[in-house]
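The values are calculated or read from the model by the stated rules, or taken from the named source; none is laboratory data. The model shown is predicted, which means the values in this text are computed figures rather than measured ones. Backbone-built Cβ (ideal geometry, glycine too); neighbour counts: all protein chains shown.
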Amino acid sequence: MKRLFFPLAALALLTLSGCGLSRGIYSNYRAIEELQLVRTLGLDADDGALVLSAAAARAQDGGAPVIARCAATGIPQGLDALQLRVPRGQLHFAHTQYIVLGEDYAARGVGDALDFVERDIHTRLGAALFVVRDGTAEALLTGSGEGWDVGDVLTEVLAETSRHGDCCVFDARETAVDLSEYGTALICALRLKDTQDSVFGLPPGLTAVPDGYGILRGGALVGWLDGADARAASFVRGKLGTVTLAVPAGGGTVTVELSAPPPEIELVSAEGGIVLSLSAAPEAVIVGQTETKPDTRSLAAALDAQLREALERVLERARAENCDFLALTRALRTQGVAPAALPPDWLRTLDARVTVHTTVRPGYDMDARAGTDGGGAA
Amino acid sequence: MTRRDTISPRQFVACAFVAALSLLIRRFPRALAERAGAAAVLAAPLSVLPLAVGLAAAFALCRKKPAGVPGLLTDTLGQAAGRVLTGVYGLWFVGYAGFLLRSGAERFLTTVYTGTQPWLFVGIMALVCALAAAGRCAPIARAAMIFRRGMLALVALVALLTAKDLDLALLQPLKLSDLRAAAAAGLEVANLLSIGFFLGFLGARLDKPVRLTDAAPWIAVLLGIIALMTVECLGMFGQELTAMMRFPYFMLVRDLTVLGALERLEPIVIVLWFFPDFILISLLLHMAAQNLRFALGARTHRLLAPVCAALAVAAALALPGGTDQQQTLSESLVPLLCAAFAFAPVPALLLAAAFRKKL
């Protein structure tokens, strides 16, 4: 038996190597120099048909990234069909970083896309998810044509939103979890924009800018959150980075950088409906020059009012649509309330009490440093 | 001169531990999330009670009959009935090994190697395991000692890399009313003890009896691993998604990134799960060959081991291969059969022994 062991083991290993004239029996073998690594996958609905587009990473020699498009009956079939549309190499989806949905596709429902990402062995749930407002994913992927790399643009969007954006980017896993646990989810919305100025350090011209959130309910896009509402939603969900705000105060306008820890959400009382207390304690740093310098107290009051109004508006929106896109259920869970124990219309009857207490700090200011070791005149 | 084929209690426990890892990845934490929802995290701690009862019975039998299950069967049921029942267990081990071969192949097919045929994985695994099973069981036990360290390191590394992304709100709320569902899920965890009973057929090879102090720490580690995997999967995917996924633990690994530079680690992790499969299937084939040798009165098990492997391959390829059918088999029928073969004979044997005044 021992004499047989080593020849048999060697033979078994040979069959697994993928070497030889054909691909061998190792079906996943791909020649690395032939791979076109897909960074962005686009999904659109066109008159009920599914349209897939894929953009590969820029070639090492700086050549334009390969972009392919096809119509298909389903995503797996579409990915196979895309392989036939590439001029060179083979599309490889294992490192897909971004999944972009056209507005029409998202309106039909993202369930198929999320199911596919969960089951497919190549795509990952860690891929960031975007929806294009008033446009298609294909338009974003093809962009301005020659030299356009949607992967670079989305990388900049991702970095920028995580630092300064009103909205943030959720990945496919977060979206799938929100949909399965809370029945609703937010998805970062993008808008194609032709700019004269550089945006996010990208050259002027066509680019994609974040434009609030798409609201998914039951997997389908049902509405949008814009500007201050998107900011308030990010804030409630504890995803707000540092945002720059212009606040009218003291007869002028003050520009502040606002950052905030996640608000405290507490179930105050459960009698006759659910009463939520939402307390926020953001911190604002004055960064802009003001004509008439307001005192910090009136500035804090103005910020409190502005934020409270935005929070109440977004809570009212959630109530009106009976759609927990703010993930309030998550906050309730941490206080021992099971989502299944809530009545079906608990959100509609929700009594929310919002408290905002902003702390204002003066920002970096040469005047403030006068007389210190900064070297200014006393 | 033939070498003695003995294993130490530590090696026996290592075999049981590594073999249990092979079983748990097939069902957990998916089945626990499906049964108990967020309370699935309590399933492992709650399984301590049924485990304690099972262990007490097993160690009571071990103390009385250190020669293992075959000795116990012949002593309590008589030579003829004992031989027949030992043969029946031998055939069950062949069938079980066949299921494990197919299930392991399907795991590769659904997670990494889509579009490939299962026979390739079944064949290679059966070949490797047949070679091990035809020899002595001591080398398999020594391999289990090595694999145990590797698997522990792997589980710890995945836990470390996952920790930062966990959303603990998804594990809440835990209520007293959930305890019932968690206890039912705990029975599923306790069913892992069946592997300890099956390995009892190696009892005659032990150089000294296994004591509770040998086994208890590793049972605690195993329960800890189940609890950890459950926390990771529920904290990452929530209970509904975890219950929907075929292998949630591997899904979790799929999104791991090491220092933002190294990603797509899941093939390595999935392939490393080959080692528990190897230990379990090799031991099952080895025990099947030994049991059939005893039942048939053959001189050696060496020729019977490849025959058992061939039968297991035939059983593996005859099993339905679709994901749904495989899931049904591994979720309902096979655990039931495991429980029936492992736990049903114990009270029957105790009764028979009491009746015959053999214990």
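Points to keep in mind about this one:
- Listed by first and then second residue, the pairs linking a residue in region B:298-324 that is without any contact (Cβ under 8 Å) to a residue 24 or more places away in the chain to a residue that is surrounded by 15 or more Cβ atoms within 10 Å (Cβ to Cβ), with Cβ atoms under 7 Å apart and 6 or more places separating them unless they lie on different chains, are B:A298/B:L304; B:T300/B:R293; B:L304/B:A289; B:L304/B:L292; B:L304/B:R293.
- Residue within region B:342-351 that is surrounded by fewer than 17 Cβ atoms within 10 Å (Cβ to Cβ), in a helix (DSSP H, G or I) and at pLDDT 90 or above present: no
- Residue list for region A:179-199, restricted to those being within 16 Å of the chain's Cα centre (by Cα) and either within 14 Å of chain B (Cβ to nearest Cβ) or closer than 30 Å to B:E232 by Cβ (or both): A:L179, A:T184, A:A185, A:L186, A:I187, A:C188
- Candidate set from region A:91-114 (those that are more than 14 Å from every other protein chain (Cβ to nearest Cβ) and of a type in the set (S, T, Y)); member that is farthest from the chain's Cα centre (by Cα): A:Y105
- Selected residue (only one of B:L176, B:L259, B:L171 is within 14 Å of chain A (Cβ to nearest Cβ), over 24 Å from B:S22 (Cα atoms), out of contact with any Lys or Arg (no Cβ under 8 Å at 6 or more places or on another chain) and free of Cβ contacts under 8 Å to residues at least 12 places away in the same chain): B:L176
- Candidates B:L329, B:L292 - the one that is assigned to a helix (DSSP H, G or I) and either farther than 26 Å from B:A14 by Cβ or within 14 Å of chain A (Cβ to nearest Cβ) (or both): B:L329
- Search result, residues across region B:204-215 that are touching a residue at least 40 places away in the same chain (Cβ under 8 Å) and within 13 Å of B:V13 (Cβ to Cβ): B:L206, B:K208, B:P209, B:V210, B:R211, B:L212, B:D214, B:A215
- Flag for B:L285 being out of contact with any Gly (no Cβ under 8 Å at 6 or more places or on another chain), modelled with pLDDT of 95 or more and either part of a helix (DSSP H, G or I) or closer than 16 Å to B:A105 by Cα (or both): yes
- If you go through region B:132-168 and keep only what is within 14 Å of chain A (Cβ to nearest Cβ), assigned to a helix (DSSP H, G or I) and touching a residue at least 12 places away in the same chain (Cβ under 8 Å), you end up with B:A132, B:A133, B:A134, B:L161, B:T162, B:D165, B:L168.
- Scanning region B:14-68 for residues that are within 27 Å of A:E181 (Cα to Cα) and of a type in the set (D, E, K, R) yields B:R26, B:R27, B:R30, B:E34, B:R35.
- For region A:127-173, a residue qualifies if it is over 28 Å from A:L245 (Cα atoms) and not in a helix (DSSP H, G or I), and the qualifying residues are A:A127, A:G135, A:T136, A:G143, A:S144, A:G145, A:E146, A:G147, A:W148, A:D149.
- Scope region A:206-254; condition touching a residue at least 60 places away in the same chain (Cβ under 8 Å) and part of a loop (DSSP other than H, G, I, E, B); matching residues: A:G218, A:G219, A:R237, A:K239, A:L240, A:G241, A:T242
- Screening B:P118 on (1) more than 12 Å from every other protein chain (Cβ to nearest Cβ); (2) more than 30 Å from A:Q77 (Cα to Cα); (3) touching a residue at least 40 places away in the same chain (Cβ under 8 Å) shows it passes everything except condition (2).
- Evaluation of A:A176 against (1) within 13 Å of chain B (Cβ to nearest Cβ); (2) out of contact with any Gly (no Cβ under 9 Å at 6 or more places or on another chain); (3) over 26 Å from A:T244 (Cα atoms) (one fails), failing number: (2)
- One residue alone among B:T110, B:T76, B:T86 is within 14 Å of chain A (Cβ to nearest Cβ) and outside any loop (DSSP other than H, G, I, E, B), and that residue is B:T110.
- Residue within region B:265-275 that is among the charged types (D, E, K, R) and within 14 Å of chain A (Cβ to nearest Cβ) present: yes
- Criterion (within 17 Å of A:R39 (Cα to Cα) and either more than 16 Å from the chain's Cα centre (by Cα) or β-branched (V, I, T) (or both)) met by exactly one of A:D134, A:D120: A:D120
- Within region B:122-131, the set of residues being of a type in the set (V, I, T) and either within 10 Å of another protein chain (Cβ to nearest Cβ) or surrounded by fewer than 21 Cβ atoms within 10 Å (Cβ to Cβ) (or both) comprises B:I124, B:V128.
For every residue, the table says whether it meets (1) surrounded by fewer than 21 Cβ atoms within 10 Å (Cβ to Cβ); (2) within 21 Å of the chain's Cα centre (by Cα).
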position: B:G98; (1), (2): no, yes
position: B:R102; (1), (2): no, yes
position: B:T110; (1), (2): yes, yes
position: B:L120; (1), (2): yes, no
position: B:A138; (1), (2): yes, yes
position: B:A156; (1), (2): yes, yes
position: B:L161; (1), (2): yes, no
position: B:K164; (1), (2): yes, no
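- Criterion (touching a residue at least 12 places away in the same chain (Cβ under 8 Å), within 14 Å of chain B (Cβ to nearest Cβ) and either of a type in the set (D, E, K, R) or not in a loop (DSSP other than H, G, I, E, B) (or both)) met by exactly one of A:R69, A:R124, A:R88: A:R124
- The selection criterion, being in contact (Cβ under 8 Å) with a residue 24 or more places away in the chain, under 17 Å from B:L157 (Cβ atoms), assigned to a helix (DSSP H, G or I) and facing chain A (nearest Cβ under 9 Å), does not hold for B:M229.
- Residue ID - nearest to the other protein chains (Cβ to nearest Cβ), chosen from residues in region A:350-366 that are outside any strand (DSSP E or B) and surrounded by 12 or more Cβ atoms within 10 Å (Cβ to Cβ): A:L350
- Candidates in region B:232-256 are the residues that are of a type in the set (D, E, K, R) and either over 14 Å from B:A40 (Cα atoms) or away from every other protein chain (no Cβ under 11 Å) (or both); of these, the one that is surrounded by the fewest Cβ atoms within 10 Å (Cβ to Cβ) is B:R246.
- Region B:279-303, subset more than 16 Å from B:L73 (Cα to Cα) and of a type in the set (S, T, N, Q), residue surrounded by the most Cβ atoms within 10 Å (Cβ to Cβ): B:S282
- Among residues of region A:298-349, those that are assigned to a loop (DSSP other than H, G, I, E, B), within 22 Å of the chain's Cα centre (by Cα) and more than 14 Å from chain B (Cβ to nearest Cβ), counted: 2
- Filtered residues of region A:47-66 (kept if in contact with a helix residue (DSSP H, G or I) (Cβ under 8 Å, 6 or more places away or on another chain) and free of Cβ contacts under 8 Å to residues at least 60 places away in the same chain): A:L50, A:L52
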